[in-house]
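The values are calculated or read from the model by the stated rules, or taken from the named source; none is laboratory data. For clarity, every value in this text was computed on a predicted model and none was experimentally measured. Cβ placement follows ideal geometry from the backbone for every residue including glycine, while neighbour counts extend to all protein chains displayed.
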Amino acid sequence: MDLHFEELLSKVTDFIKSEAKTETIIGEPFELGEFKCVPVIKVGMGFGSGGGEGIEGKERKGEGAGAGAGIGIQPIGFLVTKGDEISFLEAGKTHGLAAAFEKVPDLIERIVKERNKKEEVVA
């Protein structure tokens, strides 16, 4: 059995280079008004391989090999530019006014509960 791990690893690496790009995972950079946004991803990968052969007696001979690879790709945010300013916005995190609006339903619920408690005490 002829094993070509270097050739296999090279092909897998070339495939990852061509496919693990922000363009294929999230999309192309875009403009939103005065802001230019560039998606950013995190790529992790692992490889493993092994092989061997054995001879048992005069008539038995065996060999085997295996290889595996795994890849994880995750969008992590956007580089945002406006004029000379550059900032990074994390994916899944809310900032500023958006974070405040997310808390409004909880705030309203707490106000209603407090109002109901006061009404129960007065009645």
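If you check 50, 72, which single one turns out to be assigned to a strand (DSSP E or B), free of Cβ contacts under 8 Å to residues at least 24 places away in the same chain, in the same structural domain as residue 11 (by TED's automatic domain parsing) and not aromatic (Phe, Trp, Tyr)?
None of the other options fit; the residue is 50.
Just to be sure before I move on: is residue 41 out of contact with any Pro (no Cβ under 8 Å at 6 or more places or on another chain), on the phi < 0 side of the Ramachandran plot and among the β-branched types (Val, Ile, Thr) in the structure I sent?
no
Looking for something among the hydrophobic types (A, V, I, L, M, F, W, C), modelled with pLDDT of 70 or more and in a helix (DSSP H, G or I) - is there at least one such residue anywhere in segment 82-104?
No.
Exposed (fewer than 12 other Cβ atoms within 10 Å of the Cβ), at pLDDT 80 or above and over 23 Å from residue 22 (Cα atoms), is that true of residue 62?
yes
Just checking, which of 67, 20 is over 23 Å from the mean Cα position of the chain (by Cα), surrounded by 14 or more Cβ atoms within 10 Å (Cβ to Cβ) and at pLDDT below 85?
So the residue among 67, 20 that is over 23 Å from the mean Cα position of the chain (by Cα), surrounded by 14 or more Cβ atoms within 10 Å (Cβ to Cβ) and at pLDDT below 85 is 67.
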